[in-house]
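To start, the structure under review is shown below, and the notes come after it.
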Amino acid sequence: MGQSLLDINDTLGQHAPSWYAASANPFPELPQAEGSMTYDVCIVGAGFAGLSSALHLSELGYKVCVLDAQRVGWGASGRNGGQVGSGQRIGQEELEDLVGDTLAKEAFQIGVDAADLVRLLIKKHKIECAYKSGSIEAYHKKRYDKYGPIEVEHMREKYGYETMQFLSPEEMSEKVGSDDYSAGILDTHTGHLHPLNYARGLAQAAIDAGAEIFELSRVTSFEGGKPCKVRTDKAEIFAKHVILATNGYLGNLDKQVADRVMPINNFIVATEPLDDATCKALIRDGECVHDSRFVVNYFRISEDNRLLFGGGENYTYKFPKDIKATVTKPMLQIYPHLKDVRIDYAWGGTLAITMNRLPHFEFRSDGVINISGYSGSGVHMATMAGKIASEAVNGQMAKFDIMSKLPTPKFPGGAALRWPLLPLALTWYAMRDRF
């Protein structure tokens, strides 16, 4: 099939050289799909969305299989910053302007429930993934400070959302030890976790519920219909429904989705273990942090006292040759005193964005369902997407209808021209951050 984001930067069957992979809970290798098989639902992709779909469908009594070209949690689900958000990816006032108050409130509540769902699944299935509550949005420009109290009040008065707290510049400097930031917002409804361990926990829960998961089973083509047909090199699967849960790794499987959902690459480093005093000086109370830049910097302290710092993007298939240099540049802008700290791990991964950063939900008459385009909010929203897709298969369309009403316009030129056009726009926004 030629090289794609599934193999151009990675070795078949091996996880990225991340701290997550190095510290992950043991998990068995799973078999390849072979021969002709029939299921109620065939899910493409063993990340958060696909695994959540499999778990919830199996609990509802459906016969389910999951196909992954690599390993469980191999893609963005096992490589990301581990930050569990709440609500939708964009701010509520922006969402209200885009879709009106009613739909904005419905979509926001789904996003709030998504954060609760992550915690519920961790507790219910005893997933050991080091969940810790709290996240901070740090403003990188002082002129943003005046909007923080307005946003907190808006969310409290209009939505009854009372877990957000404005942090003054003085409070921010106590919370996050960097001169790069002014004020910000703390949200205790959010949190962070070890994403690969979370993915493996979801996979085990799905298997325990009766789902079959196949690794190294790359889907080469599929057709909607009665039944739907899904093909790999070694298998042909017949199912009433196909759920596309590939996010940034869709490739050429489906042009209709690719016109609206685009992969981009993001990068993370992990420092050597730091002493307790240094960790408290970086992030005093151990929340995760993301900043207000267009190309977001995001960071947190790991269970073994490493700084996990994410930053930098590119919009080509290939990762940069020196990921460490790509990420340490923004890291040292935030924490210049870490210039002599050793970097033990550096890795990249592929997420998927939409034009307006809202996820793309699609339920087709031929039995094909798409859930993707989380734009950096995948830990909670992909988990919820899987549950919503399972409900839709079961005839409960209310939440799926809400999410599918959120507009996800095509990229200019569709899939064919999104690569040359969008990077120009994104680069302009990134430059605006710097000046």
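Things to note:
- Considering residues of the range 19-43 that are touching a helix residue (DSSP H, G or I) at 6+ places or on another chain (Cβ under 7 Å) and buried (at least 23 other Cβ atoms within 10 Å of the Cβ) only, the residue farthest from LEU308 (Cα to Cα): VAL41
- With respect to the stated conditions, LEU202 fails to be more than 19 Å from LEU51 (Cβ to Cβ), in contact with a Leu (Cβ under 8 Å, 6 or more places away or on another chain) and not hydroxyl-bearing (Ser, Thr, Tyr).
- Filter pass, ALA138 being of a type in the set (Gly, Ala, Ser) and more than 20 Å from ASP291 (Cβ to Cβ): no
- Of all residues making up the range 372-396, the number that are in a helix (DSSP H, G or I) and touching a Pro at 6+ places or on another chain (Cβ under 8 Å): 3
- Looking across the range 230-262 at every residue that is assigned to a loop (DSSP other than H, G, I, E, B) and among the hydrophobic types (A, V, I, L, M, F, W, C), the one that is farthest from VAL219 (Cα to Cα) is identified as VAL261.
- Residue that is farthest from GLN70 (Cα to Cα) [pool: residues in the range 325-371 that are free of Cβ contacts under 8 Å to residues at least 60 places away in the same chain and touching a Phe, Trp or Tyr at 6+ places or on another chain (Cβ under 9 Å)]: PRO330
- Selected residue [in contact with a strand residue (DSSP E or B) (Cβ under 7 Å, 6 or more places away or on another chain) and β-branched (Val, Ile, Thr)] from ILE343, ILE388: ILE343
- The range 403-435, residues that are within 20 Å of the chain's Cα centre (by Cα), in a helix (DSSP H, G or I) and at pLDDT 95 or above: MET403, SER404
- Output for the range 290-336, where each listed residue is more than 20 Å from ASP179 (Cβ to Cβ), in contact with a Ser or Thr (Cβ under 9 Å, 6 or more places away or on another chain) and not in a strand (DSSP E or B): SER302, GLU303, ASP304, ASN305, ARG306, TYR315, TYR317, PHE319, PRO320
- From THR278, THR246, THR271, residue being polar (S, T, N, Q) and over 24 Å from the mean Cα position of the chain (by Cα): THR278
- Candidates TYR335, TYR315 - the one that is modelled with pLDDT under 95, among the hydroxyl-bearing types (Ser, Thr, Tyr) and over 30 Å from GLU59 (Cα atoms): TYR315
- Count - residues of the range 8-18 that are surrounded by fewer than 12 Cβ atoms within 10 Å (Cβ to Cβ) and within 21 Å of the chain's Cα centre (by Cα): 1
- Test: residue in the range 198-213 that is over 27 Å from TYR298 (Cβ atoms), in contact with a Cys (Cβ under 6 Å, 6 or more places away or on another chain) and either outside any strand (DSSP E or B) or not aromatic (Phe, Trp, Tyr) (or both): yes
- Any chance THR246 is β-branched (Val, Ile, Thr), over 27 Å from THR354 (Cβ atoms) and either at pLDDT 95 or above or in contact with a strand residue (DSSP E or B) (Cβ under 6 Å, 6 or more places away or on another chain) (or both): no
- Checklist (1) buried (at least 18 other Cβ atoms within 10 Å of the Cβ); (2) of a type outside the set (Ser, Thr, Tyr); (3) more than 25 Å from ASP291 (Cα to Cα) applied to ASP208, failing item: (1)
The values are calculated or read from the model by the stated rules, or taken from the named source; none is laboratory data. Bear in mind that the values here come from a model prediction, so they are computed numbers and not experimental data. Because the Cβ atoms are built from the backbone with ideal geometry, glycine has one as well, and the counts that use them run over all protein chains shown.
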